[in-house]
Amino acid sequence: MTHDLILFNIGQLLLPDDSGKPLKGGEMKKLSVLNGAAFAVKDGLVSWIGSTEEAERLYADVKRNAKGKVVSPGLVDPHTHLVFGGSREHELELKQAGVSYLEILAKGGGILSTVHATKNASEKELFHKAAFHLERMISFGVTAIEAKSGYGLDRRTELKQLKVIKQLNASYPVRLVPTFLGPHAVPPEYKGNEDLFIGKMMQLLDEIKEEKLAQFADIFCETGVFTIEQSGRFLMKAKEKGFGLKIHADEIDPLGGTELAVSLGSASADHLVAASDEGIARLAESDTVAVLLPGTTFYLGKNHYARARKMIDEGAAVALATDFNPGSCVTENLQMIMSLAALKLKMTAEEIWNAVTVNAAYAIGLGGKAGTIEVGKQADFVVWDVPNYQYIPYHFGVNHAESVYTEGMKRWEKVRHGTIQLSSARESRNF
């Protein structure tokens with residue numbers, strides 16, 4: 001057989017294990033590494049894995065020398081707010097001056113500022129803005145991304161955001177998993193009448209399902225936003241309609257959102273900075289993935305991070321994400337999150353790699369499809385300009401990705417003099 005591509009002379013080929021479920025507890029400490037490796041691609045799928053010596057006897061249309069560098073599966077970012085209007089850099093000075101978030105909110109800032117900008121932006125404007133951020137994510141080695149709505153808080157704008165995600169999915173050679181986060185905040189006109197707002201968001205589920213605009217449904221369960229009861233009611237209705245479940249849970253107060261996620265069989269529970277001991281114990285008994293967002297804690301200047309070490313040591317599955325959004329974590333750089341996981345969450349390099357590949361894939365319904373390099377699976381991978389896999393969490397704040405491939409085709413490459421080349425087989429944007 002003639003392969004389309006053979007990548008050879010790989011210093012370290014990272015092969016996270018996919019046994020059909022997320023890696024939990026001690027399993028996260030294990031990472032298979034093949035030295036002096038090579039692998040082949042045929043028709044967009046991994047067709048062979050072996051040694052560079054063995055690869056010399058194989059035929060391919062293209063053979064590329066990895067020059068002893070690290071190669072991993074494409075990274076998976078399982079929690080982003082990719083589509084939004086405007087930006088909020090003017091709020092940074094207010095925060096530095098000690099103005100509270102509630103005061104900023106009262107002046108029309110905070111999430112309400114983003115909601116206003118998103119409502120006023122056209123689909124085309126939102127598409128081009130989101131595409132700019134998406135290209136950045138790809139350049140950092142990400143090939144599968146969860147993208148939420150949630151900056152509309154009304155039918156028209158929520159559907160508009162989801163349609164933009166669908167357009168991006170059709171225009172870029174990466175996998176975008178859409179999530180409906182209509183109950184992201186309480187609109188001012190529904191203050192004191194949150195149940196009515198939840199009902200309106202539930203009414204959208206049929207339309208979203210019929211138009212295939214979202215795979216998951218999500219809600220912000222937190223003090224001052226939505227209660228456990230309200231969150232459970234919304235998520236149970238979403239489950240009845242055939243959506244996968246996610247939840248913003250226990251970010252500030254331990255309300256029991258982690259326990260709720262487990263009881264409903266959610267794919268993930270996200271944030272979990274204030275998750276209780278009971279919640280962590282319940283996670284360990286389940287396949288619900290704890291998606292941790294240390295970049296948000298860092299950006300907000302908080303000292304208390306999610307207890308990743310306890311979660312893993314007790315047997316839970318942990319993933320990492322950027323939480324890219326305009327208010328509380330303004331970064332597309334998942335590599336930076338990997339460094340924060342090492343420095344602040346005390347995760348090992350092996351745990352971190354598993355958290356941004358195979359576990360992150362299970363958190364967004366792509367388990368068995370993304371996050372690994374295996375024969376027969378889609379060939380999404382990254383060549384890293386580093387000496388070993390431990391180096392990326394160690395050397396923070398820069399981009400170590402040399403080139404990013406999806407379906408065995410090069411989509412992004414860093415070239416000399418700091419310039420960037422982007423290429424796509426699809427026509428919407430020339431990236």
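The values are calculated or read from the model by the stated rules, or taken from the named source; none is laboratory data. The structure presented is a predicted model; accordingly, all values stated were derived computationally and were not measured. Cβ placement follows ideal geometry from the backbone for every residue including glycine, while neighbour counts extend to all protein chains displayed.
Some observations on this one:
- Put simply, of ASP18, ASP4 the only residue that is in a loop (DSSP other than H, G, I, E, B), among the charged types (D, E, K, R) and crowded, with 17+ Cβ neighbours inside 10 Å is ASP18.
- Test: residue in the stretch 324-333 that is small (Gly, Ala, Ser), modelled with pLDDT of 95 or more and in contact with a helix residue (DSSP H, G or I) (Cβ under 9 Å, 6 or more places away or on another chain): no
- Pairs, first without any contact (Cβ under 8 Å) to a residue 24 or more places away in the chain and assigned to a strand (DSSP E or B) in the stretch 402-413, second buried (at least 20 other Cβ atoms within 10 Å of the Cβ) and hydroxyl-bearing (Ser, Thr, Tyr), C-beta under 7 Å, six or more apart: LYS410/SER403; GLU413/SER403
- Qualifying residues in the stretch 321-352 (those that are touching a strand residue (DSSP E or B) at 6+ places or on another chain (Cβ under 6 Å) and not in a helix (DSSP H, G or I)) - the one surrounded by the fewest Cβ atoms within 10 Å (Cβ to Cβ): GLU332
- Check on THR227, surrounded by fewer than 21 Cβ atoms within 10 Å (Cβ to Cβ), over 22 Å from GLU158 (Cβ atoms), hydroxyl-bearing (Ser, Thr, Tyr) and without any contact (Cβ under 8 Å) to a residue 40 or more places away in the chain: no
- Which listed residue, of LYS191, LYS209, is of a type in the set (Lys, Arg) and either buried (at least 23 other Cβ atoms within 10 Å of the Cβ) or within 24 Å of LEU245 (Cα to Cα) (or both): LYS209
- Counting only strands (runs of 3 or more DSSP E) that sit completely within the stretch 31-127, those holding 2 or more residues that are among the polar types (S, T, N, Q) and surrounded by fewer than 22 Cβ atoms within 10 Å (Cβ to Cβ) correspond to 32-42, 45-51.
- LYS246 in contact (Cβ under 8 Å) with a residue 40 or more places away in the chain, charged (D, E, K, R) and at negative phi: yes
- Residue check, HIS133 closer than 12 Å to HIS81 by Cα and surrounded by fewer than 23 Cβ atoms within 10 Å (Cβ to Cβ): yes
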